[in-house]
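Take a look at the structure set out below.
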Amino acid sequence: MFTIKQHLMAQSIEEGYETLVKNRNNVILGGTGFLKLGNKNINIGIDLSDLDLDYIREDENNIEIGPMTTFRSVETNKLLRENFDGIIAKSVEEIVGIQLRSVITAGATVASKYGFSDFITALLSLNTQVELYKGGIISLDEYLAEEKIPRDILVRIIIKKDGKRAAFKTMRNSKSDYAVLNCAVSDLDGEYRVAVGARPGRAVVKTISNEEVNNKIDEKIEAVVNEMKFGKNMRASGEYREMIAKVLIRRCLEELESK
Amino acid sequence: MEIKLKINGINKEVTIKEGEYLQSALKKLGFLNVRKGCETGSCGLCTVLLDGKPTLSCSTLAVRGIGKDITTLEGESVEVAKFAEVLTGEGADQCGYCSPGFTLTVIAMKRELESPTIDEIKHYLTGNLCRCTGYMGQLRAVKKYMEVK
């Protein structure tokens, strides 16, 4: 269990940011569902829940998710169910139970770059950007590629409404457990974007053209998987994950083909 | 710090430590049926309704309950009595430790879903673990309770 010396209900993003950068042990509090599993000593816990950052909305070009939006809202939101074949909503619906999903927040998951995340894998297969308070808007690929977690506040997740079709698959040892592996594939204008997460490291994405897949599907899946690294943890070995990755990618491609 | 929480429609004051969770605050206030279970967010024992939504009180900071309607089993006595009757009628009574969280989730589901299928019921209740009696009797009872007016 973590300990907090002081809890700050931030009245603005600026106040939250200024507090965050003052001390290495000042931490932004998301849902705190995962944070509580560790034993971190937090100097100031910065709470953003009073800043109206719990929203899912759209404009002409994008769908935006506020960082304090819970996974339960993501799961049940009509907009997310109707776009991208619903994969963003589907990606969170097997995570433990609805009571925990009412606590976990989208922003904390993405900002923490959790390797086990199903949500990040779904977002990564799409054209997704994150907006950092000081760092501005960058692609999710770029954000995840940076090893360190920046001392910044994630203020928005932005998904381009580009009409992508998509499929999401996950493999679990038992229902509601963390994923052994997850995979999301999107398809737009002749290109498949293949994201694989819970390797158990952070999700990564590779692209292949539709034409290549149509001609040599096994060869192309093999090539994509060979470019990814798979490791072991208590849930599965790296070799097992690699085999599962091929199966899940193929199932996603077949699902897209059948749509 | 001292905070005010609205629990079952009644305003209460409680002194909490920084970073204290809602489950612990409710226990201090005498709501002993808000149980402490796994404390990893997996079992659903500590479920309360926060603005009507089933939420883990062991994973929700007490300060985040400020300004919200918090409902424990005591706040749902009419529905609890109806569900208890169906539950015992199906021989699905339990040891009682997980019952408060389970019952609150079932009540919330009845309000949220209209005529749910067995698969929808199972999905909604995935976050409630029973450590003693199993699930089949409970599933029968929940299905029947969904039809109770």
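The values are calculated or read from the model by the stated rules, or taken from the named source; none is laboratory data. Only a predicted model underlies this, so the values are computations on that prediction, with no experimental measurement involved. Note that each Cβ is placed from the backbone with ideal geometry, even for glycine, and that neighbours are counted across all protein chains shown.
The table below lists the values:
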item: Close pairs (6 angstrom Cβ cut-off, 6 or more residues apart or separate chains): at the interface with chain A (Cβ under 9 Å from one of its Cβ atoms) in the stretch B:122-133, part of a loop (DSSP other than H, G, I, E, B) and not acidic (D, E) anywhere; result: B:T126/A:G97; B:T126/A:S176; B:G127/A:V96; B:G127/A:G97; B:G127/B:G44; B:N128/B:G44; B:L129/B:C43
item: Subset tally (residues that are of a type in the set (G, A, S) and crowded, with 20+ Cβ neighbours inside 10 Å) for the stretch A:21-50; result: 4
item: Only listed residue being in a loop (DSSP other than H, G, I, E, B), away from chain B (no Cβ under 12 Å) and touching a strand residue (DSSP E or B) at 6+ places or on another chain (Cβ under 7 Å), chosen from A:N39, A:N25; result: A:N25
item: Answer residue from the stretch B:1-53, given it is over 28 Å from A:D177 (Cβ atoms), basic (K, R) and outside any helix (DSSP H, G or I) and is farthest from the other protein chains (Cβ to nearest Cβ) among those; result: B:K12
item: Criterion (of a type outside the set (F, W, Y) and more than 16 Å from A:L256 (Cα to Cα)) met by exactly one of A:S174, A:S209; result: A:S174
item: Evaluation of A:P67 against (1) at pLDDT 95 or above; (2) within 14 Å of chain B (Cβ to nearest Cβ) (one fails), failing number; result: (2)
item: Sole exception among (1) touching a Ser or Thr at 6+ places or on another chain (Cβ under 6 Å); (2) not in a strand (DSSP E or B); (3) not basic (K, R) for A:D162, by number; result: (1)
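Residues are listed down the side, and each one gets a yes or a no for (1) outside any helix (DSSP H, G or I); (2) of a type in the set (D, E); (3) within 24 Å of B:G41 (Cβ to Cβ); (4) free of Cβ contacts under 8 Å to residues at least 24 places away in the same chain:
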site	(1), (2), (3), (4)
B:K82	no, no, no, no
B:Q94	yes, no, yes, no
B:G101	no, no, yes, no
B:R111	no, no, yes, no
B:E114	yes, yes, no, yes
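Per-residue answers, yes or no, for (1) closer than 22 Å to B:G37 by Cα; (2) buried (at least 22 other Cβ atoms within 10 Å of the Cβ):
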{"site": "B:M109", "(1), (2)": "yes, no"}
{"site": "B:L113", "(1), (2)": "no, no"}
{"site": "B:P116", "(1), (2)": "no, no"}
{"site": "B:D119", "(1), (2)": "no, no"}
{"site": "B:Y135", "(1), (2)": "yes, no"}
{"site": "B:V142", "(1), (2)": "no, yes"}
{"site": "B:K149", "(1), (2)": "no, no"}
